[in-house]
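Presented below is the structure to which this report refers.
What follows draws every value from the coordinates through simple rules; no lab data is involved. Please read these numbers as outputs of a predicted model, since none were measured by experiment. Cβ: placed from backbone, ideal geometry, glycine included. Neighbour counts: every protein chain shown.
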Amino acid sequence: MVTQKSITQSSASEPHSSAASNAPVIMSTVIDAGIANPRSEPPDPQYPSASEPADPPAPAHIFTFTHSVPAEVVRTAPVSCTYGPFRVWGTLGEGAYGVAMGAEDVASNRLLCLKVFPKHHLERKSRKDVLLNELEAYKRLSCAFPCPAADFLMGLEMSFQTKDKICFVMDLMASDLFYYLKHNPTYCVPNARRWAAQMTLGINALHEIGIIHRDIKAANILIDVQQNVRITDFGVSYVNTDEGPLDRQQNYSSEPVGTTCTMAPEVLRNKSDPRPLKYGTPADWWSLGCVIYELVSKKHEVRFFVTKDDVFSYVSWCSSGDRPSKRFPAFEELREDLEDLISGLLQPVPSSRFGFAEVVNHRSFLFEPGMSEFTDAYSRALGRKEFPCSLPDLRCGRETNAAEIWFRQPSWEKSHVPNLDWVKAALFSPSL
């Protein structure tokens with residue numbers, strides 16, 4: 001995971017992860033109708049998102065220049081007009097496998113993030129597999145962008161290489177959820193329900209095109225300039241050879257990958273089990289439960305689980321018939337409907353765990369009779385105000401000639417690695 005931060009902000013520590021043919025069609029659930037739960041009235045929201053929250057916190061340096069691509073074009077369809085070379089301004093953050101660099105496309109001045117991998121990483125099979133797997137996932141996602149739910153997934157504009165680096169090019173983001181939880185938790189409160197709904201839609205979109213993320217956590221939830229969610233970091237994702245929807249009841253992989261604090265028990269067991277068992281899409285819904293808990297708990301920096309012993313202790317508590325309390329201690333501060341949502345997502349038995357349908361229809365997402373956070377979720381996200389001041393200031397007052405220029409390496413050079421250069425197909429707005 002590479003976290004995008006302001007160049008002047010200190011990077012918070014986060015646990016590191018373990019290590020196409022026809023265009024896929026996402027079977028989108030209709031979410032424009034009311035999804036009220038008839039069993040109860042809308043609760044008093046613990047995270048009041050019915051009203052517009054305050055402006056997002058600005059980074060230490062105010063962002064001073066704008067995208068050259070017209071906003072209406074960017075919003076109606078992803079437009080690939082980025083080919084390099086790039087002005088590279090500095091490091092935004094570091095992850096287990098690469099470094100995030102703030103950059104501009106020289107031709108258009110479009111603000112970008114370059115996820116940079118040293119070429120020598122390809123000498124280690126495990127790192128090479130992560131890089132190639134992430135590129136494959138992004139290629140799959142590029143075919144899914146006509147689906148509205150893909151707006152909540154990070155997209156790749158292109159990949160290119162220099163003499164000693166491999167670079168993934170993507171839009172510049174404001175920050176990530178982990179940073180907000182740690183440094184500005186009060187800002188998370190009014191956004192929590194909306195962000196939880198967007199994460200739900202994004203995870204389901206992945207499952208509909210044959211991808212299990214396997215590392216959903218706060219640090220992999222980026223927040224864009226409109227303060228909407230973008231799920232990112234597909235290096236350890238499972239990418240099915242079939243591009244169609246994954247079956248919730250089917251198991252696909254036995255690899256014990258992810259981050260311990262958000263790893264489902266059926267995945268975590270495979271770390272030590274000599275005969276690992278396969279798992280499926282419910283693993284992502286468990287991880288979502290962990291992230292939602294961080295969002296809505298009073299102590300936003302406190303994770304539900306920290307170690308694998310915490311996970312298995314919780315599993316034992318859930319299966320105990322003589323437990324002293326019907327409420328797990330971590331749930332005691334939560335409103336009843338939120339406890340029901342999170343405990344449903346953190347159900348140890350995968351077949352009994354909440355999935356997309358249960359989350360979409362859950363009463364905790366209601367904010368008035370007949371109105372859910374999922375109601376018109378896509379159009380409301382699209383219509384949100386942009387906050388350019390939330391983006392990192394890449395220049396920090398420097399002149400244009402202060403930036404290093406990175407060019408794409410010609411394919412005939414000796415150090416060029418085949419099959420790593422890729423450009424997303426251009427999709428043009430019908431309004432142009």
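Taking the alpha-carbon distance from LYS278 and a cut-off under 19 Å, which lysines remain once sequence neighbours fewer than 8 residues away in the same chain are dropped?
Cα-Cα hits under 19 Å: LYS308.
Just to be sure I understand the model, the point goes 7 Å from the Cα along the line to the Cβ. What's the resulting VAL99 to LYS414 distance in nm?
Result for the modelled spin labels: 2.5 nm.
With the convex hull built on the Cα atoms of the stretch 278-432, state its orientation-averaged projected area in nm².
Taking a quarter of the hull surface, the average projection is 18.3 nm².
Length gain on complete extension for the stretch ASP164 to ARG327, per 0.36 nm per residue less the alpha carbon to alpha carbon distance?
Length gained, ASP164 through ARG327: 53.3 nm.
If Lys and Arg each add +1 and Asp and Glu each add -1, what is the summed charge of the other residues whose beta carbon sits under 10 Å from the beta carbon of GLN161?
For residues surrounding GLN161, the net value is +1.
Using R₀ = 22 Å, calculate the FRET efficiency as 1/(1 + (r/R₀)^6) where r is the Cβ-Cβ separation of ALA107 and GLU386; round to 0.05.
Once the sixth-power term is evaluated, E becomes 0.45.
What does the charge dipole of the stretch 71-390 about its Cα centre add up to, to the nearest 20 debye, if the Cβ of each Lys and Arg holds +1 and the Cβ of each Asp and Glu holds -1?
The calculation lands at about 560 debye.
At a Förster radius of 22 Å, what calculated FRET efficiency corresponds to the Cβ-Cβ distance of LEU122 and PHE407, to the nearest 0.05?
It comes out at approximately 0.65.
Pop out the Kirkwood hydrodynamic radius of the stretch 71-390 from its pairwise C-alpha distances, inverse of mean 1/r, in Å to one decimal.
Value: 20.5 Å, from the Cα pair sum.
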